[in-house]
Amino acid sequence: QVQLDESGGGLVQAGGSLRLSCAASGSIFSISEMGWYRQAPGRQRELVASNTRGGSTNYADSVKGRFTISRDNTMNTMYLQMNSLKPEDTAVYYCNAVVLMYGGRNYNDYWGRGTQVTVSS
């Protein structure tokens with residue numbers, strides 16, 4: 001099995017910063033893509049940022065210039081540095097990884113349980 005553990009969420013004032021971490025563990029042979037998603041109350045889950053194993057990144061327009069995704073392939077860990085936070089960034093942030101397990105044939109999607117980020121105005 002594969003487990004994704006997020007950490008780093010919390011309460012911060014508008015304009016502040018937080019750094020989220022996601023650690024993947026288990027019988028992992030390879031991770032192709034990792035990403036951060038978020039879901040605010042009453043809204044659909046949306047992509048915040050993603051990062052391929054080769055280093056290509058993709059950001060939602062709403063976070064470009066404020067958030068930075070990074071990844072340590074040797075540790076199967078991903079980070080999201082969030083600066084200049086706004087109240088509209090308030091959501092539960094989820095880690096996602098596309099993983100090939102040892103002995104597996106296909107890559108599969110895995111999700112963490114989420115970490116709450118609350119930005120006060």
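Residues in the range 111-120: is at least one of a type in the set (Val, Ile, Thr), open to solvent by less than 40 Å² (accessible area, probe 1.4 Å), more than 29 Å from Phe29 (Cα to Cα) and without any contact (Cβ under 8 Å) to a residue 60 or more places away in the chain? Scanning the range 111-120 turns up no residue that is of a type in the set (Val, Ile, Thr), open to solvent by less than 40 Å² (accessible area, probe 1.4 Å), more than 29 Å from Phe29 (Cα to Cα) and without any contact (Cβ under 8 Å) to a residue 60 or more places away in the chain. Please tell me if Val63 is surrounded by fewer than 18 Cβ atoms within 10 Å (Cβ to Cβ), among the β-branched types (Val, Ile, Thr) and either touching a residue at least 24 places away in the same chain (Cβ under 8 Å) or on the phi > 0 side of the Ramachandran plot (or both). So Val63 does not fit the description; no.
Criterion applied to Arg38, Arg19, Arg71 was being open to solvent by 60 Å² or more (accessible area, probe 1.4 Å), in a strand (DSSP E or B), in contact (Cβ under 8 Å) with a residue 12 or more places away in the chain and among the basic types (Lys, Arg), and the one residue passing it is Arg19. The one condition from (1) under 12 Å from the mean Cα position of the chain (by Cα); (2) polar (S, T, N, Q); (3) crowded, with 20+ Cβ neighbours inside 10 Å that Asn76 does not meet is (1).
The values are calculated or read from the model by the stated rules, or taken from the named source; none is laboratory data. As the structure is a computational prediction, the values presented were derived from the model and not from experiment. Don't worry about glycine lacking a Cβ; one is built from the backbone with ideal geometry, like all the others, and counts go over all protein chains shown. These accessible areas exclude ligands, DNA and RNA; they are computed on the full protein's heavy atoms, side chains included. Shrake-Rupley method; radii C 1.70, N 1.55, O 1.52, S 1.80 Å.
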